[in-house]
Amino acid sequence: MRKEALDLHRAGLFCSSMSSRWNPAKGEQEPYEKEGVVALGLTPDLYPRAPSCIEYLIEATDVLGPLLSQHSRRGKLKEGTQTNKLALATDAGAYPWHLDNLGGDDERLVTLIYYLNPGYHPGLAGRFMRARLQSSPSGDPSPQDTIFIEPRGDRLLAFYSDELLHAVEPVHAPTADGGGEDAHRIALTIWFLGADLPKKQDGG
Ligand SMILES: O=C(O)CCC(=O)C(=O)O
Ligand SMILES: [Fe+2]
């Protein structure tokens, strides 16, 4: 799967990863390009280039989806459907603290992240960070309130998309240190939708 992801990357199919952040001057959320991170949504037409990735996605949808649904304490998941993102981070690529789902019309209930980094070593940094507590009253969680998870190959994470505050520390792969393809941090994120996710109240 990693080899396929690198092939897709070499073919120029990844795009800058967009995210949103709060603009205090405008008093609104604004989109911005995440530096050092590119992403690609996996769709069936990519099968000829990335058969293992597409097969994994189908298996995850058909097998892991129902399993997660069965064990969910937040209601069932929508069967046979998901949204996804294959993301590749290079030197300094990072994600600030966020929740994947901030409510409104967003139907995503469970986030699944599968890491494709068999050669990962601690020198590459880029650890997934999860807050110990559900929310941080005074800004970002401190390192003491953070659990660090290395994005090792074949590791699979699952969490509720609107509950777990998380981030990714900057990847350390400067070119001078050999930050080539081997150092790329690759993750496949799959979001399962809630079958009956109650809408959050505005401002609540
Ligand atoms: O790649 C990761 O470890 C996390 C990515 C993430 O938080 C996201 O895509 O929303
Ligand atoms: Fe996230």
Does the range 13-32 include one or more residues that are more than 16 Å from ligand 2 (Cβ to nearest atom), at pLDDT below 85 and among the small types (Gly, Ala, Ser)? yes
Please verify whether Pro170 is away from ligand 1 (no atom under 16 Å from the Cβ) and open to solvent by 30 Å² or more (accessible area, probe 1.4 Å), treating the condition exactly as stated. no
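Listed here are the residues, each with its yes/no results for (1) away from ligand 2 (no atom under 16 Å from the Cβ); (2) closer than 30 Å to Lys3 by Cβ; (3) of a type in the set (Val, Ile, Thr); (4) touching a Ser or Thr at 6+ places or on another chain (Cβ under 6 Å).
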position	(1), (2), (3), (4)
Ser52	yes, yes, no, no
Tyr56	yes, yes, no, no
Asp62	yes, yes, no, no
Ser69	yes, no, no, no
Gln82	no, yes, no, yes
Tyr95	no, yes, no, no
Asp100	no, yes, no, yes
List the strands (runs of 3 or more DSSP E) inside the range 42-159, counting only whole elements, that have at least 1 residues being open to solvent by less than 20 Å² (accessible area, probe 1.4 Å) and out of contact with any Phe, Trp or Tyr (no Cβ under 6 Å at 6 or more places or on another chain). 83-89, 108-115, 128-131, 146-149
Residue satisfying condition, being away from ligand 1 (no atom under 16 Å from the Cβ) and at positive phi, within set Gly27, Gly36, Gly65: Gly27
Taking the range 14-47, which residues are farther than 18 Å from Ala94 by Cα and under 18 Å from the mean Cα position of the chain (by Cα)? Gly41, Leu42, Thr43
Yes or no: Thr61 modelled with pLDDT of 95 or more, among the β-branched types (Val, Ile, Thr) and over 12 Å from the mean Cα position of the chain (by Cα)? yes
Residue check, Gly119 of a type outside the set (S, T, N, Q), at pLDDT 95 or above and near ligand 1 (Cβ under 10 Å from one of its atoms): no
For the range 1-32, enumerate the residues that are surrounded by fewer than 18 Cβ atoms within 10 Å (Cβ to Cβ), in contact (Cβ under 8 Å) with a residue 12 or more places away in the chain and more than 21 Å from Trp191 (Cβ to Cβ). Leu6, Asp7, Ala11
Lone qualifier among Asp145, Asp202, Asp140 - being at pLDDT below 95, within 16 Å of ligand 1 (Cβ to nearest atom) and more than 29 Å from Pro66 (Cα to Cα): Asp140
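The values are calculated or read from the model by the stated rules, or taken from the named source; none is laboratory data. None of the values given here were measured: they were computed from a predicted structure. As a convention, Cβ positions derive from the backbone with ideal geometry for all residues, glycine included, and neighbour counts pool all protein chains shown. Just so you know, the surface numbers come from the protein's heavy atoms only, side chains and all, with ligands and any DNA or RNA stripped out. Shrake-Rupley method; radii C 1.70, N 1.55, O 1.52, S 1.80 Å.
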